[in-house]
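The values are calculated or read from the model by the stated rules, or taken from the named source; none is laboratory data. Everything quoted here is computed from the prediction, not taken from an experiment. FYI the Cβ positions are ideal-geometry reconstructions off the backbone, even for glycines, and counts take in every protein chain you see. What goes into the accessible areas is simple: the full protein's heavy atoms, side chains included, and nothing from ligands, DNA or RNA. Shrake-Rupley method; radii C 1.70, N 1.55, O 1.52, S 1.80 Å.
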Amino acid sequence: MKKIFQPFATVNKQTVMTMVAVQVVITLLLWHTMSAGLIPKPAKVASAFVQLLGSKLLLDNILVSLLLTLKAMLYSILITLLFAYLSVLPFFRSVALFIVKCRYLTLTGLIFIFTLLTKDGSELKLSLLVFGIVPFFVTSFLSVIVNINPQEYELCKTLGYNNWQTLYEVIIIGKADQVFEILRQNFAISWLMITMVEGLSMSEGGIGTLLIKYNKYNDLTNVLALQLVIFVIGLCFDYLLGTMRHWLFPYSKLKEVKAS
Amino acid sequence: MTQHTKEEVLLQATDVQLTFDRSILRDINFCIRNITRPGVLQGQVVTLIGRSGIGKTQLFKILSGLQSPTSGQVTINNNKPVKAGDMGVIFQNYYLFEWRTVHQSLMLAAKKNKALFGREKQTIEQYAEQFQLTGHLNLYPQQLSGGQRQRVSIMQQLLKGSNFILLDEPFSGLDVCMLDKAVEMLLQVSLSDELKTLIIVSHDIENSVAISDTVYILGNEPGKEGATIKKEIDLIERDLAWQKHIKQERRFMETIEEIKACL
Ligand SMILES: Nc1ncnc2c1ncn2[C@@H]1O[C@H](COP(=O)(O)OP(=O)(O)OP(=O)(O)O)[C@@H](O)[C@H]1O
Ligand SMILES: [Mg+2]
C-alpha cells in the first residue's frame, strides 16, 4: 500500500487494477455529487451510452468518421514519410521545417480556400484533415530523426556505406517502427480535428455531425455519452497500433522478466 | 632477434592535431610498415596505451577517417588519405543496429567482404561457433549481455574483412575463457594475411602487449597542452614479439613495468 506513493516503485498488476478501479469510483462519485441542474449524472450518461451503442445511428456515423480518419491518416503518413526522408537532403530540409511551423496555422482560416480548391464535401473534409495532420506527423518524425544516435551513422560509415545506403539503413529501416508510434501518438489529433471538419459538410454524417446536432438541442447527456464512445474508440486504436508495432517490430518491445 | 624485415609503409600519420575547445592531440607522427618474416604469414599488431581521457578514442576516430583532424593527415596504402569505411573499427561501447538481429548485422558486414562471396552464411556460423554465439544469432542486441554485444561487434568488423582493424578496449568485460579466445582470435586474424594490421587500445596492458610487435604510449609532456606519442617500443627488437609464452618471462614483465611507469 505504501509502495504506490514511492518514486519509481513497481507495483504488481493486481494492485494496479484495484488502484485504477478505486480512482474511477472516486471520480464517478465526485461527478455524481457535484453535478446538478443541467449537468447530467453519471448513471444517466451510462444509460444513454448503452442506448447509443445499440443504435444503428451510432454505428453508421462511427463508420463514416473512422473511414475518413483512416484515409486521412494514410495519406498523411505517406506525405510525412516522403518529406521526412527527403529532409536529409538540404534542399528539402527547409520545406520540412516549414511544414513543421504550419502547426501554427488554424484550419478555420483556410476553409474557404480549400472549398475553392476541392470539388465536393468529402474531398474538402479529407484535404482539410490531411492538411491539419501532416504538420504534426512531420514534427514527430523529424524529432525522431534529430535524436538519432550519432553512433548509428558511425557504424554505417565503418561498414563502408555511402550516404544513400546510410539513409536507407538508419532512417528508413531503422526507424520504421517509429511510424507506428507516430500514428499512435497523433491519432488523438486527427480524432480531434474530425469533429471540427465534419461540422463543415454535414451531409455525409459522422460522429462530428452527431455531436453538433446533440449540442444544438442542449442534449448534454447524449453529448457526454458520445464523448465516452469517442474516448473508447481512441483507446482501442492506441492499443491496436501499439500491438501492431510490437508484432511487426519485435525489437521495439523489451522482453520482460517473467514474474512467478 | 627474430628474423624480419620492415617493408613498405601501410599507414602513416603526419603531424596530426586535434583541438576541440582545447588541444587534445598534437604532433602525432608515426608510421606502420609491413613486417615480413621468412616462411611466416605475419600481419602487424600495434598496442596503443594511455591514461583514461588522454585521447585514444579520438585518435581512433581520426585514424579510421570518421573524424577529420584539425590539421595533419592520415594516409594508408601508398599515400591515399584514409576515408571512413577503409578500416574496421570496434568502438568502446560496441554499438549495434538495434533493429537488426545478430545474424542480420553480421550479414550486412559479410556482404561487404568480396572475399567471402557465396560463403557468407557458413563463415558467420563458423565465427559464431568460435565466439559461442550460435544460440544467439536470432536475437536482437537488446537481448544480449554486454560481453555478447562486444563479441558480435568484433565479429562484425572482422567479417567486413578490412586490412586495418582498430579495437577500442576489446578485452574489457570478457571473462577469463573468452579473453583467451579473443586474444587467440586476434592472433589468428593477424596471421591470416600479410597486410592485416591490428591497432589495439587496451587498459589490459599484459594481454595486448603480449600479442603486439609495437607499443605506442600516448601521454602529455610537461608544459605542453595536448597528448602526443611519448614513447614507441619496438618489441621485436627486444625479442618480445611473436612468442607464445612470453607473458611468464622476466624481460617481458620488465617491459610492462617500464610502460606502466611511463603512464
Ligand atoms: N566532443 C567533444 N568535445 C570536447 N572535448 C571532447 C569531445 N570528445 C572528447 N573530448 C575530450 O577529449 C579527450 C579524449 O577523449 P577520448 O574519448 O579520446 O579519451 P580516451 O583516451 O579514449 O579515454 P578512455 O580510456 O577513458 O576511453 C577527453 O579529455 C575528452 O574530454
Ligand atoms: Mg576511449
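Classify chain A as rounded, prolate or oblate, taking a ≥ b ≥ c as the square roots of the eigenvalues of its Cα gyration tensor: rounded when a/c is under 1.5, otherwise prolate if a/b is larger than b/c and oblate if not.
Taking the square roots of the gyration eigenvalues as a ≥ b ≥ c, chain A is oblate.
Return the calculated 222 nm mean residue ellipticity for chain B, to the nearest 500 deg cm²/dmol, obtained by summing -39500 (n - 2.57) across DSSP H runs with n ≥ 4 and dividing by the residue count.
Details: 7 runs with 80 residues, N = 263.
Taken over chain B, the calculation gives -9500 deg cm²/dmol.
Using Cα atoms only, what is the angle between the long axis of helix B:120-130 and the major principal axis of chain B, expressed in degrees (0 to 90) to the nearest 10?
Tilt of helix B:120-130: around 70 degrees.
So how much accessible surface do A and B hide from each other in total, probe 1.4 Å, in square angstrom to the nearest 100?
Result for this pair: about 2000 Å² buried.
For the stretch A:101-165 and the stretch B:189-206, compute the distance between their C-alpha centroids and round to whole Å.
Between the Cα centres of the stretch A:101-165 and the stretch B:189-206 lies a distance of 48 Å.
Can you give the Rg and Dmax of the stretch A:205-245 based on its C-alpha atoms, in angstrom?
In Å, with Rg to one decimal and Dmax whole: 13.0, 42.
Can you check what the net charge comes to around B:L63, using other residues whose Cβ is under 15 Å from the Cβ of B:L63 (Lys, Arg +1; Asp, Glu -1)?
Details: positive: A:K157, B:K56, B:K61, B:K80, B:K83; negative: A:E154, B:D15, B:D86, B:D168.
Counting the neighbours of B:L63, the net charge comes to +1.
With charges set only on the Cβ (+1 for Lys and Arg, -1 for Asp and Glu), what does the dipole of chain B come to about its Cα centre, in debye to the nearest 20?
With Lys and Arg at +1 and Asp and Glu at -1, about 620 debye.
When each pair of different Cα atoms in the protein assembly as shown is counted once in the 1/r mean, what is the Kirkwood radius in angstroms, to one decimal?
When all Cα pairs of the protein assembly as shown are included, the Kirkwood radius is 28.2 Å.
For A:S201, what is the net charge nearby, where nearby means another residue's Cβ is under 11 Å from its Cβ and Lys, Arg count +1, Asp, Glu -1?
Overall, the nearby charge balance is -3.
Using only the Cα atoms of chain B, what do you get for the radius of gyration and for Dmax, in Å?
Here Rg and the maximum Cα pair distance are 18.2, 56 Å.
Give me the base-10 log of I(q)/I(0) for the stretch B:96-161 at each q in 0.14, 0.18, 0.19, 0.28 Å⁻¹, Debye formula, one uniform scatterer per Cα, rounded to two decimals.
-0.33, -0.55, -0.61, -1.31
Among the aspartates and glutamates, which have Cα under 16 Å from the Cα of A:K253 when same-chain residues fewer than 8 positions away are ignored?
Qualifying aspartates and glutamates at Cα under 16 Å: A:D177, A:E181, A:D238, B:E98.
Which residues of the stretch B:91-111 bury at least 50 Å² of accessible area once all protein chains are present, versus their chain alone (1.4 Å probe)?
B:Y95, B:F97, B:W99
Rounded to the nearest whole Å², what accessible area per residue is found for the protein assembly as shown with the 1.4 Å probe?
Result: 53 Å² per residue.
Computing the accessible area with a 1.4 Å probe over protein heavy atoms, can you report the carbon and sulfur percentage for the stretch A:174-228?
Details: 1360 of 2350 Å².
Heavy-atom surface of the stretch A:174-228 belonging to carbon and sulfur, 1.4 Å probe: 58 percent.
With charges set only on the Cβ (+1 for Lys and Arg, -1 for Asp and Glu), what does the dipole of the stretch B:1-82 come to about its Cα centre, in debye to the nearest 20? Mind dumping the intermediate values first?
Working: 9 positive and 5 negative charges, 40 e Å.
Roughly 200 debye, rounded to the nearest 20.
Ordering A:L105, B:L158 by accessible area with a probe of 1.4 Å, largest first, what comes out?
A:L105, B:L158
Please find the FRET efficiency linking B:N77 to A:L248, where r is the Cβ-Cβ separation and R0 is fixed at 51 Å, and quote it to the nearest 0.05.
Result of the calculation: an efficiency of 0.70.
Could you pull out every one of the aspartates and glutamates with an alpha carbon less than 13 Å from that of B:K260, ignoring same-chain neighbours closer than 8 positions?
The qualifying aspartates and glutamates are B:D204, B:E206.
So for the protein assembly as shown: antiparallel DSSP bridges make up what percent, rounded to the nearest 5?
Around 55 percent antiparallel, to the nearest 5.
Of A:S127, A:V88, A:I173, which is farthest along the charge dipole of the stretch A:56-259 in the positive direction, counting Lys and Arg as +1 and Asp and Glu as -1 at C-beta?
My answer, from the dipole projection, is A:V88.
Can you show me the helix-derived [θ] at 222 nm for chain A, built from DSSP H runs with n ≥ 4 at -39,500 (n - 2.57) apiece and divided by the number of residues, rounded to the nearest 500.
About -24000 deg cm²/dmol.
Just list whichever of B:K56/B:K196; A:K44/A:K125; B:K6/B:K160; B:K56/B:K114; A:K3/A:K175; B:K196/B:K224 have alpha carbons separated by over 28 Å in the model shown.
On the way: B:K56/B:K196 21 Å; A:K44/A:K125 33 Å; B:K6/B:K160 26 Å; B:K56/B:K114 31 Å; A:K3/A:K175 37 Å; B:K196/B:K224 35 Å.
Violating the 28 Å Cα-Cα cut-off are A:K44/A:K125; B:K56/B:K114; A:K3/A:K175; B:K196/B:K224.
With all protein chains present, how much of the accessible area of chain B (probe radius 1.4 Å) comes from carbon and sulfur, to the nearest whole percent?
Carbon plus sulfur share of accessible area: 49 percent.
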